[in-house]
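Peer 1: Take a look at the following structure, please.
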Amino acid sequence: MTLDLDFVRAQFPAFSQASLQGQAFFENAGGSYTCGAVIDRLTRYYTERKVQPYSAYDASRLAGEEMDEARVRLAAIMGVDTDEVSFGPSTTQNTYVLAQAFAEFMEPGEAIVVTNQDHEANSGPWRRLAARGIEIREWQIDPETGHLDPETLANLLDEKVRLVVFPHCSNVVGEINPITEITAIAHAAGAFVCVDGVSYAPHGIPNVGELGPDIYLFSAYKTFGPHQGIMVMRRALGMTLPNQGHHFNGDSLYKRFTPAGPDHAQVAASAGMADYIDALAWHHGIEGNAADKGAGVHDLMRAHEEVLLQPLLDYVSEKNSVRLIGPAQASSRAPTVALASQDNAEDLAEQLVKHGIMAGGGDFYAQRPLSAMGVDLSKGVLRLSFTHYTSKGEIDQLLNALDDIL
């Protein structure tokens, strides 16, 4: 089955905007275009439902129902129970709240394993717990390839380790880590698992229930939705950790780790992400329950991305003027391609603008992995990131532009 790109791009208003014509968007790792279904729901909420939800009058009742719909449908796609999905202002904030919960849960001398492959948002909050007597153990990447080897994790695990934290894929290395394998290793040692899925979920929302981690986090604004952090917290762990919400919400799993009140409109609009997945499934003849449709759409997205990604990887791999960060095989990575060179990466990104290429340069809050791989942080990396709505023509436009600037 081949992704119908014309149908896909018709679901995104950005592609019909005059101000964006002729420009190819290659900074999707920083935030994707928003699909029309989300925009429609957000507009409807603000124009028809912008009241306190869950009261008896119609506008309030419908507001609450739309918020609940988002949780129900996204949970079904991810293969988890409805109350195991919660929303927060961002993944960074969700991670910070989780760290506070584990700080109360753990005893001094117990340990958390983190990696140096992570975006700082999924590393810094855990590392700060060292000030509270928690031992922080670093699972280190290969300094040449950026690879995170599951076999080396066992050397860090013992009876003191309560949690293992790692990314589904890094926002600069791009390699897809084997979640189920790593989770099994950690669980066998008696540790819980927290996975940062921010850089992977834009390429197909995964079935978290099948993957097996105790916590899975990602950002809706990178998966074609509003600016919300979405967290899966499996019940066994979620009802064990100390409540971080209001005391009267302590028995509600999806409220225990959101101390601030939810953004009603953006939670409701998140159901548009499920609308989009359903639309893709229907158009491409993918049948079954919500998880089946989600899996089919995931595979469609990944297959399309891999076809477009391999020529880019082949091209930059042959360039002596740049160093490709991460693997050169499209099948093993997300289409987030970081390039190090002797040039300042922000300057390179600026040069791409005249070719109609929207990209970014810098460290992307990934100073730890870039430093571990010997990248000069003052120069950073040029990051070229795309998703399933990217076309072959845009890849060709990018390659021609790189030919001019490298």
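The values are calculated or read from the model by the stated rules, or taken from the named source; none is laboratory data. Quick caveat, the model's predicted, so the values are computed rather than measured. Here Cβ is always computed from backbone atoms with ideal geometry, including for glycine, and neighbour counts include all displayed protein chains. We work out accessible area using only protein heavy atoms, side chains counted, and drop any ligands, DNA or RNA first. Shrake-Rupley method; radii C 1.70, N 1.55, O 1.52, S 1.80 Å.
Peer 1: R0 = 41 Å: FRET efficiency of E138 with Y57, Cβ-based, nearest 0.05?
Peer 2: My answer for the efficiency is 0.15.
Peer 1: Taking all protein chains as present, what is the carbon and sulfur share of the accessible area of region 42-274, in % to the nearest whole number, probe 1.4 Å?
Peer 2: 51 percent
Peer 1: Separate question: Taking every alpha carbon pair in region 242-298, what does the distance histogram look like in 5 angstrom bins from 0, in percent?
Peer 2: Result returned by the calculation: 4, 18, 17, 11, 12, 14, 12, 8, 3, 0.
Peer 1: Here is a further query. Of the listed pairs K50/K392; K222/K392; K255/K379; K293/K354, which have alpha-carbon separations greater than 31 Å here?
Peer 2: K50/K392; K255/K379; K293/K354
Peer 1: In the neighborhood of D58, defined by Cβ-to-Cβ distances under 14 Å, what is the net charge if each Lys or Arg adds +1 and each Asp or Glu adds -1?
Peer 2: Result for the neighbourhood of D58: +1.
Peer 1: Something else: Under the 0.36 nm per residue contour assumption, what length would be gained going from the current alpha-carbon distance of V307 and T180 to full extension?
Peer 2: That pair, V307 and T180, stretches by 43.2 nm at full extension.
Peer 1: Any chance you could run the full-extension gain for N320 through W282? It's 0.36 nm times the residue separation minus the Cα-Cα distance, nm to one decimal.
Peer 2: Here the answer is 9.2 nm.
Peer 1: Here's a follow-up. Using the heavy atoms of the protein chains and a 1.4 angstrom probe, tell me the accessible area per residue for the chain in square angstrom.
Peer 2: I get 39 Å² per residue for the chain.
Peer 1: Between R44, R383, R256, find the one with the highest GNM mean-square fluctuation for the chain; connect C-alpha pairs within less than 10 Å.
Peer 2: R44
Peer 1: For region 72-177, run through the GluC sites (Glu not before Pro) and keep only the ones in DSSP coil with at most 12 other Cβ atoms within 10 Å of their Cβ.
Peer 2: When the GluC sites (Glu not before Pro) of region 72-177 are filtered for loop state and at most 12 Cβ neighbours within 10 Å, E144, E159 remain.
Peer 1: What FRET efficiency, computed as 1/(1 + (r/R0)^6) with R0 = 60 Å and r the Cβ-Cβ distance, is obtained for A131 and E48, rounded to the nearest 0.05?
Peer 2: Efficiency at R0 = 60 Å is approximately 0.80.
Peer 1: Using a 1.4 Å probe on the protein heavy atoms only, what accessible surface does R132 show? Give it in Å² to the nearest 10.
Peer 2: Accessible area of R132: about 130 Å².
Peer 1: I'd like the projected area of region 269-406, averaged over all directions, using the convex hull of its alpha carbons. Report it in nm² with one decimal.
Peer 2: 9.7 nm²
Peer 1: For region 1-70 and region 110-167, what is the centre-to-centre distance using only Cα atoms, to the nearest Å?
Peer 2: Using only Cα atoms to place each centre, the spacing works out to 36 Å.
Peer 1: A follow-up question, please. For the chain, what is the Kirkwood hydrodynamic radius in Å, using each pair of distinct C-alpha atoms?
Peer 2: In the chain this quantity evaluates to 21.8 Å.
Peer 1: Taking all pairs of different Cα atoms in region 42-274, averaging 1/r and flipping that mean, what Kirkwood radius in angstroms comes out?
Peer 2: Result for region 42-274 stands at 18.2 Å.
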